[in-house]
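Chemist: The structure follows.
The values are calculated or read from the model by the stated rules, or taken from the named source; none is laboratory data. Here the structure is a predicted model, which is why all the values come from computation and not from measurement. Neighbour counts are summed over all protein chains in view; Cβ atoms, including those assigned to glycine, are modelled from backbone coordinates with ideal geometry. With ligands, DNA and RNA removed, areas are computed over all heavy atoms of the protein, side chains included. Shrake-Rupley method; radii C 1.70, N 1.55, O 1.52, S 1.80 Å.
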Amino acid sequence: MTRVAVLKGGRSLERGVSLASGARVEDALERLGATVVAIDVGADLVTRLREAAPDVAFVALHGRGGEDGTVQELLEVLGIPYTGSGVHACMRCADKVLTKHVLRDGGLPTPDWVSLGEIAVTELGAADALATIEQRLAFPLVIKPVSQGSSLGVTFARTADEVPAALIAASSYGRRVLLESYVAGRELAVSVLAGAALPVVEAVPREREGYDFAARYDIGRTEFVCPAALEAPVTERVQEIALRAWELLGCRGFARVDMILGADGPMVLEVNAIPGLTDTSLLPQAADAAGLQFDDVVARVLEEALSR
Ligand SMILES: Nc1ncnc2c1ncn2[C@@H]1O[C@H](COP(=O)(O)OP(=O)(O)O)[C@@H](O)[C@H]1O
Ligand SMILES: [Mg+2]
């Protein structure tokens, strides 16, 4: 019987989601006949992993520490095979600016951006370049932390007046901030499972109120449609972009590529190395639309981890 350590929780801002993802993975693993050791990740992680002596670790962590290559590096040191992407891919996905460079260098579409780090602002007078940046990217702008998830710290600025507060909001989540051109369009997510694109999910806001961007994130005000109602060539293109992003970033196991389908075609916003696995998460919904049960997803990701 395979001994699987499920790593969940942790200290990131996405702890709650991770606990839900982890619990669901544990149930699936038990149904699959594995011996499960659940670990709420903390300062005793190394000791607990040594005690558990698992054949493999299922990393159900989201956000800082768990999704950014940190836990992955520790698992490498301990010689424990693990699910999902390796250290380098996790580092690239967790950093939206690094991701965007990789995508753009690889010829994939991503909205124009400028990133501002703490040193640029405090030591190099970057504030004096703000007007130039605003001109280059044009309003509306999306301002967000470089390394954060779940829309935390994401603000839209319609005018220059709204930029300072947005920068402050985003910088409370980390030292680097990303300013990005706003792309109007349909919000799509393409999950990739073991190198194959799953059906496209569209997040449809229940009410469109012009520039009331906030509506998008309010729970209950977004509806998820899968497969998204798209023309076949658009679906193909979007899935092809997701797979190419997966390859360029070096992902393994699973990932979710977030995009906006704008007037100039699909644009990649980010790639999540460890997508949510709760019962309302997008990857399980997409798998379901492809005729895959959650247990099948877990089995496939585990298999891939063990075959490395
Ligand atoms: N450039 C953009 N244009 C339009 N909407 C955006 C843009 N960037 C982010 N958003 C919106 O904000 C949400 C969160 O942004 P995202 O880059 O996916 O970060 P995260 O999900 O890690 O917080 C997106 O799903 C989208 O609704
Ligand atoms: Mg996202």
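Chemist: To check my understanding: the extent here is largest minus smallest coordinate of the Cα atoms along each principal axis. What are those three numbers for region 126-168, in Å, largest first?
Modeler: 29, 20, 17
Chemist: Run the numbers on region 5-139 and let me know its relative contact order in percent, using alpha-carbon pairs under 8 Å that are six or more apart.
Modeler: 21
Chemist: Rg over Rh of region 1-114, using C-alpha atoms and the Kirkwood radius, what does it come to?
Modeler: With Rg and the Kirkwood Rh in hand, the quotient comes to 1.04.
Chemist: With the other protein chains left in place, how much accessible area per residue, in square angstrom, belongs to region 219-308 at a 1.4 angstrom probe?
Modeler: On a per-residue basis, region 219-308 sits at 45 Å².
Chemist: Let me ask another. Taking the Cα centre of region 8-106 as origin, work out the dipole magnitude from +1 charges on Lys and Arg Cβ and -1 charges on Asp and Glu Cβ, in debye rounded to 20.
Modeler: Here region 8-106 has a charge dipole of around 340 debye.
Chemist: Percent antiparallel among DSSP beta bridges with both residues in the chain, to the nearest 5?
Modeler: 75
Chemist: How high is the relative contact order of the chain? Use alpha-carbon pairs under 8 Å, at least six apart in sequence, and give a whole percent. Don't skip to the answer; put the middle values down first.
Modeler: On the way: 632 pairs, mean separation 62.1, N = 308.
20 percent.
Chemist: Follow-up question, since we're still on this one. Under a no-solvent Debye model with one identical scatterer per Cα of region 148-188, what's log10 I(q)/I(0) at q = 0.15, 0.29, 0.35 Å⁻¹?
Modeler: -0.39, -1.12, -1.29
Chemist: More than 11 angstrom separation, counting every C-alpha pair in region 266-308; what % is that?
Modeler: Above the 11 Å cut-off, region 266-308 has 71 percent of its Cα pairs.
Chemist: Further question on the same structure: Taking each pair of different alpha-carbon atoms in the chain once, compute 1/r for the pair, average those values, and report the inverse of that mean as the Kirkwood hydrodynamic radius in Å to one decimal.
Modeler: It works out to 20.0 Å.
Chemist: For helix 96-105, what angle does its Cα long axis make with the longest principal axis of the chain, in degrees from 0 to 90 and rounded to 10?
Modeler: Value to nearest ten degrees: 80.
Chemist: To the nearest 10 square angstrom, how much accessible area does Ser151 have with a 1.4 angstrom probe?
Modeler: Looks like 60 Å² after rounding.
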